[in-house]
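Undergrad: Could you have a look at this structure, given as structure tokens, before my questions?
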Amino acid sequence: MRYNMSALQPLIRRGSAIVKDDTISNHVVAEATKIAATYQSHNIDNKVVVAPAQVPVTAAELKLSPSLSYTKGSETLLEPCLREILKVIKPLGGDVTARYTIINDLRTVVGSINSLKGATVEPFGSFVSNLYTRWGDLDISIEVPCDSLVSTTDKTNKQQFLREIRKVLGRRGLVRDLRPLLHARVPVLIFESNLHNISCDISISNLLCQMKSKLLFWITGIDERFRDMVLLIKEWAKSQRINDPKNGTLNSHSLCLLVIFHFQTCEPPILPPLREIYEGNIADNLTGARVIAERAIQDTCSANIERFKTNSFRNVNRSSLSELVVSFFRKYSNLNMLASEYAICTYTGRWEHRSNSTKWTNDYPLFIEDPFEHADNTARTVSMTELSRICEVFDESYQGLVSSNHDRTSLICSLVRHPISTKIISPHSNPELFTSGAATTYRPGLFSRAATRYRSLSDSVPPSRKQFNNMETESDEATIITIRRELAQLMLKANTRNKPRSVTR
């Protein structure tokens, strides 16, 4: 790749002086090119990147070179590591059986409660979408009968039903750690199975979430890399402690949507905008006779997915799983620069300016629209402080994967929690944790390790950067800082030159 140094020159300064072409180190050029490529990877402005008071620079001129981001040597090492991780975290037959046993036990409990006669016990969430690991939670909905219509149980009745279920479960001794969260946005009863150590969440009449889970399951049939990617990203997020909505980070549904959005914005795309699978708001269409409503949604989705898969004119993305993982981390490493003005919209498959919809309120630091319930922000729990840390973790993971200074052990340890890395690196260690047929939950202390210390985002270069072979000098660091500052300002103002299209619903 031939660098256009005149294009980079307005963006690269050291102090108040312009850095001349022949004084720019290879590392600075690589860093500048990587950051500038964010424009193209985020689909904010695919045509022109404008520097204040300077000649417009085409994004193509600043496109990241594959040789700078991800070498064949890195792929040769990372790809088998990812396969090893998947082999350990994917559920086995015994894990599936254990979950069905819990569901059947709960059916017996519900059947003994007079006020719930005729109610059905139906799983949803990652178990139904098949996007769960061996230690994934089990989400269960108690569907209250409503004369074959979609149930409209109010919150007060939901709370009362959960209280009754709690009493019976407590008496029978099947579970432990019963915790009712009755005043949550969606009332829920949380417990842990005594026999299988699986954490379970019970809600009432949660048909919408059941349909969301089924739709995600149908999407897994489009490309097998989607399921693998979600499982890997979920485990990585847990290892980095950014998959905890109670503490201001991302929930699992948001992580799934980030993967979908990544697959939609790859070149060529792997997944279509979700409105091409189901155009409309599923939350609005689940009305009337339940069987008819569900069948209509399923038939529509099945036909559209088949149409997409059999389209012989679309370009096929043949990226390896390792390439997709690396580009995923790179894409979201600057998420906080865009989040204040843009929403992630998997429905349209684009970054959408928040001003395009009154639903995309600026009250949230990050807005990831729920494609099945458009008014909902799946990332509503993310705080500003944690968003900065999340982006830092994305960036550090990207830098670590493209660095040449790693081996199999360091790669695996950077992507999974300690007990899982131990199992992969030393297969005969910790056998109790990985016994087939009994899924194991993450008990306090079981997966503990020394807490990772995160530096707040600042002008300083993260310590992990110092692992690169060609170490930057102090002046190089200052140059990179300046690049980042100016590009951040450009990204926030990009809509003034090439504003994304309004959402057509």
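Undergrad: Is it fair to say Ala303 is surrounded by fewer than 22 Cβ atoms within 10 Å (Cβ to Cβ), within 22 Å of Gln210 (Cα to Cα), among the small types (Gly, Ala, Ser) and within 21 Å of the chain's Cα centre (by Cα)?
TA: Values: surrounded by fewer than 22 Cβ atoms within 10 Å (Cβ to Cβ): yes; within 22 Å of Gln210 (Cα to Cα): yes; among the small types (Gly, Ala, Ser): yes; within 21 Å of the chain's Cα centre (by Cα): no.
Against the criterion (surrounded by fewer than 22 Cβ atoms within 10 Å (Cβ to Cβ), within 22 Å of Gln210 (Cα to Cα), among the small types (Gly, Ala, Ser) and within 21 Å of the chain's Cα centre (by Cα)), Ala303 does not qualify.
Undergrad: On to the next question. It is to be established whether one or more residues within segment 142-165 are touching an Asp or Glu at 6+ places or on another chain (Cβ under 7 Å), loosely packed, with under 14 Cβ neighbours inside 10 Å and under 30 Å from Leu92 (Cα atoms). I'd like the intermediate steps shown before the answer.
TA: First, the residues of segment 142-165 that are touching an Asp or Glu at 6+ places or on another chain (Cβ under 7 Å): 143, 151.
Of the ones still in play, those that are also loosely packed, with under 14 Cβ neighbours inside 10 Å are none.
For segment 142-165, residues touching an Asp or Glu at 6+ places or on another chain (Cβ under 7 Å), loosely packed, with under 14 Cβ neighbours inside 10 Å and under 30 Å from Leu92 (Cα atoms): absent.
Undergrad: Looking at segment 314-326, is at least one residue modelled with pLDDT of 95 or more, in contact with a strand residue (DSSP E or B) (Cβ under 6 Å, 6 or more places away or on another chain) and within 27 Å of Glu235 (Cα to Cα)?
TA: So far as segment 314-326 goes, no, none of its residues is modelled with pLDDT of 95 or more, in contact with a strand residue (DSSP E or B) (Cβ under 6 Å, 6 or more places away or on another chain) and within 27 Å of Glu235 (Cα to Cα).
Undergrad: If you don't mind, there's one more thing I want to ask. In segment 239-287, which residues are more than 14 Å from the chain's Cα centre (by Cα) and open to solvent by 40 Å² or more (accessible area, probe 1.4 Å)?
TA: Residues satisfying the conditions are Lys246, Asn247, Glu267, Pro269, Arg275, Glu276, Glu279, Asp284, Asn285, Thr287.
Undergrad: May I pose another question? Among the numbered conditions (1) over 24 Å from Leu286 (Cβ atoms); (2) open to solvent by less than 50 Å² (accessible area, probe 1.4 Å); (3) not in a helix (DSSP H, G or I), tell me where Asp177 comes up short.
TA: (2)
Undergrad: So, of the residues in segment 187-233 that are in a helix (DSSP H, G or I) and of a type in the set (D, E, K, R), which turns out to be most open to solvent (accessible area, probe 1.4 Å)?
TA: Glu224
Undergrad: Turning to a different aspect of this structure: Filter segment 368-383 down to the residues that are closer than 22 Å to Lys238 by Cβ and either open to solvent by 10 Å² or more (accessible area, probe 1.4 Å) or more than 16 Å from the chain's Cα centre (by Cα) (or both) and list them by number.
TA: The answer is Arg380, Thr381, Ser383.
Undergrad: Thr346 is checked against (1) modelled with pLDDT of 95 or more; (2) closer than 30 Å to Thr153 by Cα; (3) open to solvent by 50 Å² or more (accessible area, probe 1.4 Å) and fails just one. What number does that condition carry?
TA: (3)
Undergrad: For segment 79-98, how many residues meet the condition of being open to solvent by 20 Å² or more (accessible area, probe 1.4 Å) and either of a type in the set (Lys, Arg) or in contact with an Asp or Glu (Cβ under 7 Å, 6 or more places away or on another chain) (or both)?
TA: 3
Undergrad: Just to check your reading of the model, which residue among Thr108, Thr101 is touching a residue at least 12 places away in the same chain (Cβ under 8 Å), exposed (fewer than 15 other Cβ atoms within 10 Å of the Cβ) and closer than 19 Å to Leu169 by Cβ?
TA: Thr101
Undergrad: Still on this model: Which ones in segment 348-365 are under 12 Å from Leu258 (Cα atoms) and either part of a loop (DSSP other than H, G, I, E, B) or over 16 Å from the mean Cα position of the chain (by Cα) (or both)? Quick ask: steps written out before the conclusion?
TA: To start, the set of residues in segment 348-365 that are under 12 Å from Leu258 (Cα atoms) comprises 349-351.
The one that is under 12 Å from Leu258 (Cα atoms) and either part of a loop (DSSP other than H, G, I, E, B) or over 16 Å from the mean Cα position of the chain (by Cα) (or both): Gly349.
Undergrad: Let me ask something else about it. Which residues, taken from segment 307-340, are open to solvent by less than 70 Å² (accessible area, probe 1.4 Å) and not in a helix (DSSP H, G or I)?
TA: Asn311, Arg314, Asn317, Ser319, Ser320, Ser333, Asn334, Ser340 - these are the residues of segment 307-340 that are open to solvent by less than 70 Å² (accessible area, probe 1.4 Å) and not in a helix (DSSP H, G or I).
Undergrad: How many residues are under 26 Å from Val416 (Cβ atoms) and of a type in the set (S, T, N, Q) when one looks only at segment 109-139?
TA: The qualifying residues number 4.
Undergrad: For segment 403-414, which positions are at pLDDT 90 or above and either open to solvent by less than 40 Å² (accessible area, probe 1.4 Å) or on the phi > 0 side of the Ramachandran plot (or both)?
TA: Leu411, Ile412
The values are calculated or read from the model by the stated rules, or taken from the named source; none is laboratory data. Treat the numbers as computed from the prediction; the structure is a model and nothing was measured. Note that each Cβ is placed from the backbone with ideal geometry, even for glycine, and that neighbours are counted across all protein chains shown. Remember, those area values only see protein heavy atoms, side chains included, never the ligands or the DNA or RNA. Shrake-Rupley method; radii C 1.70, N 1.55, O 1.52, S 1.80 Å.
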